[in-house]
Amino acid sequence: MLKKVIVFLLVVFVMTSVLAGCGAPSSTRESITALMGEEPQTIDPGTNSSVDGGTYILHAFEGLTRVDKDNKTAPGIANKWEISTDGLTYTFHLRNAKWSDGQPVKAQDFEFAWKRALDPATASEYAYQLWYIKNGAEFSAGKAKAEDVGVKAKDDKTLEVLLAAPTPYFIDLMHFPTYMPLRKDIIDKYADQWTQKPETYIGNGPYMMSKWVHDSEIVFVKNPNYWDSANVAAIKEIHWKLMSDDAAALSAFEAGEIDLVDALIPQAEVKNLIDAGTAKVYDLVGTYYIYTNVDKEPLNNPKVRQALSLAIDRQFIVDKVTKAGQKPAEGIVPYKVPGLDATKDFRTEGGSLISKTTQAEEAKKLLAEAGFPDGKGFPELEIYYNTQSGHKAIMEAVMEMWKNTLGITVKSPNMEWKVLQDKVNNKDFVLARMGWIGDYNDPMTFLDMWTSDSSQNNTNWKNAKFDEAIKKAKSTADQKIRMPAMHDAEKIFMEDMPAIPIYYYVSVYLENPKVQGHIIDTLGFLYLQYAYTK
């Protein structure tokens, strides 16, 4: 029996036709220099899991949807789509778009890319982000074949997607980096080296790579084959500088050598730069954590994890250390993530699940119950963090709190960002500084990463009740069922504390005031395709 369908029409379709031919804004300069951090671990859409890598990807690739100049979801490679009345079948119709080498973008490119990310052989951390697709999770677990996955190119310009359950935010996911299309012929020929050279890093976005000097810079130039090239990319060349030294970054910015710097600011200078208007603060939906490896002693005892959390003065950290308007964490999910009540957010509805200030007596009590009264017999641990003065200051403050309250000593080796990522991904740590910026604006993006089978859960934590709550929330689009189930899941997580939330992120940027039109969204991504200079 044929299902009735709802044709999904956006006002932006009309806006696109109105704006067509208007051209990109005029710009006094043809290039912009931006700094997102040090050398990325990867810029492969299928294996990337970081905001910096994602930002590069979102300039070189485009998904079925894209972010428009007003920071809204708009048609991308798909110019229209239909959604079945049960919310389970999506049919995307692709426009005539080309890859950077001139070949046509096909529906098969999306099918290949999504199944590649799901394939256990790819070892994608973000495989679980495609488990919304029917049999996606089963394929990742080796319990189904690629042909069983609910994504199918019906022809070169039609992509049909079957979901495992209704997913209210699925269209917004279509411009997330993992959902970008990929060229099978390129990856078959160059394997994991395909991202390393301009001639093999073939994309379909507004820019394309022209040079990569490792540990120095990546250069992108305007892609003449991009379908909307006339209306975007007033800036013809982007120089992505690569460095981890925040003092050097500030000096380069002040010398006019860099136009935009993301968060790489000497911690001691943050407040002064914000007060002077040199640095701007943007809202993010994200949480700064300390990961614990629950398979490592003594972190395998939840009382130890809770004691470590209770000993932290989160209010002190945001007031005296970070000083950029961050808020102390009160749960996994930050503020400004929608809840059940349209007048509130999920965090407000869920209330405070951890204390903002040190709870010394309770922390000492739990540590004693775990067998370490006043810290006696507690082993010396290490907490890893990536090189940057901001992380160093936070980790030093936390370690001092643990020492003063619990009588324990923790060392803090620092390392390059990609080295830290590798250690966490390989679960080669006891404690590690990490964080999470939402992939979309729904509580689920902060919760389903902790399920027992999630490729993003690097803490080794498993909890059947938590898994069941997430499964319940994912089984329906009914918010009256979803939201309570996600609140239940968050409470379970906070009781077991496999990761210790510290504060909720903001994004602090050094910005050349002459740069206009750029977007810094609440998910942490920087978009320069609409930027220009005065």
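From the alpha carbon centroid of the stretch 367-429 to that of the stretch 143-178 is 41 Å.
Just the number, please: Stokes-Einstein D of the stretch 379-428 in µm²/s, Kirkwood Rh from C-alpha pairs, 20 °C, 1.002 mPa s.
Result for D is 186 µm²/s.
A simple spin-label model places pseudo-atoms 7 Å from Cα toward Cβ; at A146 and A123 they are separated by 1.9 nm. Pairs from the list K69/K211; K69/K344; K320/K392; K356/K465 with a Cα-Cα gap above 18 Å: K69/K211; K69/K344; K356/K465.
Loop-resident trypsin sites (Lys or Arg not before Pro) (DSSP state other than H, G, I, E or B) in the stretch 360-456 with no more than 12 further Cβ atoms inside 10 Å of their Cβ: K376.
Between K197 and N426, what FRET efficiency follows from the Cβ-Cβ distance if R0 is 35 Å, with the result rounded to 0.05? Mind dumping the intermediate values first?
Values: r = 27 Å, r/R0 = 0.77.
That gives a FRET efficiency of 0.85.
Using alpha carbon centroids, what distance separates the stretch 316-354 and the stretch 252-289, in Å? After rounding, the separation between the Cα centres reads 21 Å. Extension gain for K471-E30 works out to 153.8 nm (0.36 nm per residue, less the C-alpha to C-alpha distance). In degrees from 0 to 90, rounded to the nearest 10, what is the angle of the helix 107-118 Cα long axis to the longest principal axis of the chain? Relative to the chain, helix 107-118 is tipped by roughly 20 degrees. For the stretch 282-507, the C-alpha radius of gyration sits at 0.98 times the compact-globule guess of 2.2 N^0.38 Å, with N the residue count. Above 19 Å, the calculated P(r) of the stretch 218-304 contains 64 percent of its Cα-Cα pairs. What list of whole percents do you get for P(r) of the stretch 90-211, with Cα-Cα distances grouped in 10 Å bins up to the one holding the largest distance? Values per bin, smallest distances first: 13, 44, 34, 9, 0.
Taking neighbour Cβ counts within 10 Å as the exposure measure, how do H214, H59 sort from fewest upward? Working shown, then result.
Working: H214 9, H59 24.
Sorted ascending by nearby Cβ count, the order is H214, H59.
Distance between the C-alpha centres of the stretch 101-128 and the stretch 70-89: 19 Å, rounded to the whole angstrom.
Based on a Kirkwood Rh over C-alpha pairs, give the Stokes-Einstein translational diffusion coefficient of the stretch 287-340 at 25 °C and viscosity 0.890 mPa s in µm²/s. Each step should come with its number before you reach the end.
Working: Rh = 13.1 Å.
Answer, rounded: 188 µm²/s.
At q = 0.08, 0.09 Å⁻¹, work out log10 I(q)/I(0) for the chain with the Debye formula, treating every Cα as an identical point scatterer and leaving solvent out; two decimals please. The calculated log intensity ratios at q = 0.08, 0.09 Å⁻¹ are -0.52, -0.66.
When DSSP beta bridges are limited to those with both residues in the chain, what percentage is antiparallel, rounded to the nearest 5? Before the final figure, lay out the partial values.
Working: 61 of 75 bridges.
About 80 percent, rounded to the nearest 5.
Model label points for Q479 and E400, set 7 angstrom from Cα along the Cα-to-Cβ axis, are 4.4 nm apart. If you take the square roots of the eigenvalues of the alpha-carbon gyration tensor of the stretch 335-416 and sort them as a ≥ b ≥ c, do you get rounded (a/c under 1.5), prolate (a/b over b/c) or oblate? Here the stretch 335-416 falls in the oblate category. With all pairs of different C-alpha atoms in the average, the Kirkwood value for the hydrodynamic radius of the stretch 22-115 is 16.0 Å.
Would you mind calculating the gained length between K184 and E237 on full extension (0.36 nm times residue separation, minus the Cα-Cα distance), in nm to one decimal? All intermediate terms of the calculation are to be shown ahead of the outcome.
Working: separation 53, 0.36 × 53 = 19.08 nm, distance 2.74 nm.
Using 0.36 nm per residue and subtracting the Cα-Cα distance, I get 16.3 nm.
All of the numbers you see were taken from the coordinates with simple rules; none came from a lab. The structure displayed is predicted, hence computed values, not measured ones. Cβ sites come from the backbone with ideal geometry, for glycine too, and all protein chains shown count toward neighbours.
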